[in-house]
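Data first, discussion second: the structure below is written as structure tokens.
The values are calculated or read from the model by the stated rules, or taken from the named source; none is laboratory data. In this text the structure is predicted, and so the values were computed from the model without any measurement. Ideal geometry is used to build each Cβ from the backbone, glycine not excepted, and the neighbour counts take in all protein chains shown. When the accessible area is computed, the model is the full protein with side chains, heavy atoms only, and any ligands, DNA or RNA have been set aside. Shrake-Rupley method; radii C 1.70, N 1.55, O 1.52, S 1.80 Å.
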Amino acid sequence: MPANAVVLDLSPCGIGIIRSLALKGIHVHAYDCLEKYKKGRTRYARCKPCPDPLTHDESLLHFLLTERELFQEDPILVAGSDEFLQFMSKYRIRLAKHYRFLLPDSLFVDSFIDKRLFIKLMEEHDIPGPRTLIVNNPLRYRTILRDIQFPCVVKPVFGYEFRRHLNRKVTVIEDLHQLRKNLFQYSSYGELLIQEIVPGPDEAIYQVGALYDGEMQLKAAFMGRKLQQYPTQYGSGTLVESIVDEEVLMKGLSILEMFHVTGIAAVELKRDSTDGKLKLLGINARPWLWHSLATRCRINLPYLYYLTLIGKPFTPAFDQQEGILWLHLIPHFLSAREKRKSKNMTWFAWFRTLFGPKEFALFKWNDPMPAIRIGLSNLKMEWRTKRMMKKLNQK
């Protein structure tokens, strides 16, 4: 009997991992905290609610050690969100006695998640990226007001802190007045960073994903670029294209190798329209939001990760199919609505994106409920976010 897989996350990323494994005949168990479990449970896995990794990490550890008794042999373990990745890294020694997984050194995991540490890491290795300033005291705040260029973005030190309150991973600040008015309100959601926006369109943002084994041997690689994102200017991908750019691919892989990143990981880069240079936006030491596009394009990273962990040999996978789209329907609709207001998109142009070969982020005819539940939740959360931000701007 093949080893089982355990996926920690029932967001679109986690659901993509589950389906990529289940389609290969792997029995998958999936866990997430109660609210996300209610929305994301899928017929492709045995799903259960579990303790929150941020607020009840010891309880989650006990939960997973208890669940291990259900399996005849150690299952593979994979995280689909930063919260679960951070938990796995913290308890890696105890978890490794019962589960199989690959993670980079804990210092790097912490640095990829904590944006303060990530800034230092980029500076130490002289990696170009957007200018970022930390908001940690009133005196520093006054200095920032003199130094920052607009528009800019405000983001939390830990990306998940905004998502727990707003349907955003960042918020765009248009001018000094808006920054002064809103900054301390946003600080109630966690410590903040102010970051300049790298000039260039959405199509200049690339993601390079890869799988490295425990000896840092490259076993698979995939890349794509954003075509649309939400919120526009600085958000999560809603329409993504599978494409190979050798310069971007080599740059992304070199960064992962620089930090000895094992397992599945991804680098986000943007080509600066002012100087043509690639700027580093972030690193994930886990599958990223639209990794299921790789599976559609013949690079099934979760399954190859599974084979790596059980020690079954396979031919390294690098020959990806190009020109396939990945579509996250509800955020893509919200992006089009926003762009239509500024006359950057028509509904006819948006409607055309629904046709052609593609991979949907969530929707499948034989498993429609995650898309319906998460889609309705996204619309509700977006309505709340718009109301909250409107109130902030009226103060």
* Compare the Cα positions of Leu107, Ser236, Gly276 along the charge dipole of the chain (+1 at Cβ of Lys, Arg; -1 at Cβ of Asp, Glu; about the Cα centre) and return the one farthest towards the positive end. => Ser236
* Structure fact -> 1/(1 + (r/R0)^6) with r = Cβ-Cβ of Phe318 and Thr66, R0 = 35 Å, i.e. FRET efficiency to nearest 0.05, evaluates to 0.30
* Asked: Asp175 to Asp275: extension gain in nm, 0.36 nm per residue of separation minus the Cα-Cα distance?
  -> 33.6 nm
* Asked: Of Glu69, Glu257, Glu35, which has the most accessible area with a 1.4 Å probe, and how do the rest follow in descending order?
  -> Glu69, Glu35, Glu257
* Structure fact -> Mean-square fluctuation maximum in Gaussian network of the chain, Cα pairs under 10 Å, restricted to Phe348, Phe333, Phe360, hits Phe348
* Structure fact -> Looking only at lysines whose Cα falls under 16 Å of Lys251's and that sit 8 or more positions away or on another chain, we get Lys270, Lys277, Lys279
* If you take the beta carbon distance between Phe150 and His260 as r and set R0 to 30 Å, what does 1/(1 + (r/R0)^6) give as a FRET efficiency, to the nearest 0.05? -> 0.20
* For the chain, what's the relative contact order in percent, using C-alpha pairs closer than 8 Å and at least 6 residues apart? -> 16 percent
* Asked: Dipole of segment 210-251, Cα-centred, from +1 at each Lys and Arg C-beta and -1 at each Asp and Glu C-beta, to the nearest 20 debye?
  -> 200 debye
* Structure fact -> the chain: spread of alpha-carbon positions along the three principal axes, whole Å, largest first, is 62, 48, 41
* Structure fact -> Counting only protein heavy atoms and rolling a 1.4 Å probe, one gets per residue an accessible area for segment 265-310 in Å² of 28 Å²
* To do: Starting from the Cα gyration tensor of segment 24-84, take the square roots of the eigenvalues, sort them a ≥ b ≥ c, and report rounded, prolate or oblate (rounded when a/c is under 1.5, otherwise prolate if a/b is larger than b/c, else oblate).
  => oblate
* Figure the gain on full extension for Lys48 and Phe351 (residue separation times 0.36 nm, minus the Cα-Cα span) and round it to one decimal in nm. => 105.4 nm
* Between Lys364, Lys155, Lys38, which gets the highest mean-square fluctuation from a Gaussian network model of the chain, Cα cutoff 10 Å? -> Lys364
* To do: Return the single residue from Leu102, Leu117, Leu249 with maximal mean-square fluctuation; model: Gaussian network over the chain, springs between Cα atoms under 10 Å.
  => Leu117
* Can you give the helix-only mean residue ellipticity at 222 nm for the chain, where every DSSP H stretch with n ≥ 4 adds -39500 (n - 2.57) and the sum goes over all residues, rounded to the nearest 500 deg cm²/dmol? -> -11500 deg cm²/dmol
* With a ≥ b ≥ c the root eigenvalues of the C-alpha gyration tensor of segment 87-133, is it rounded (a/c under 1.5), prolate (a/b larger than b/c) or oblate? -> prolate
* Structure fact -> Stretched fully, the stretch from Phe363 through Ile134 gains (0.36 nm per residue minus C-alpha distance, one decimal, in nm) 78.6 nm
* To do: First compute the accessible area of the chain with a 1.4 Å probe, then give the percent of it belonging to carbon and sulfur atoms.
  => 54 percent
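Can you give me the accessible area per residue for segment 1-117, using a 1.4 Å probe, in Å²?
Details: 4900 Å² over 117 residues.
So segment 1-117 comes to 42 Å² accessible per residue, rounded to a whole number.
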* What residues have an amide H closer than 5 Å to that of Arg131, excluding those fewer than 5 places away on the same chain, when H is modeled at 1.01 Å from N in the peptide plane? -> Glu196
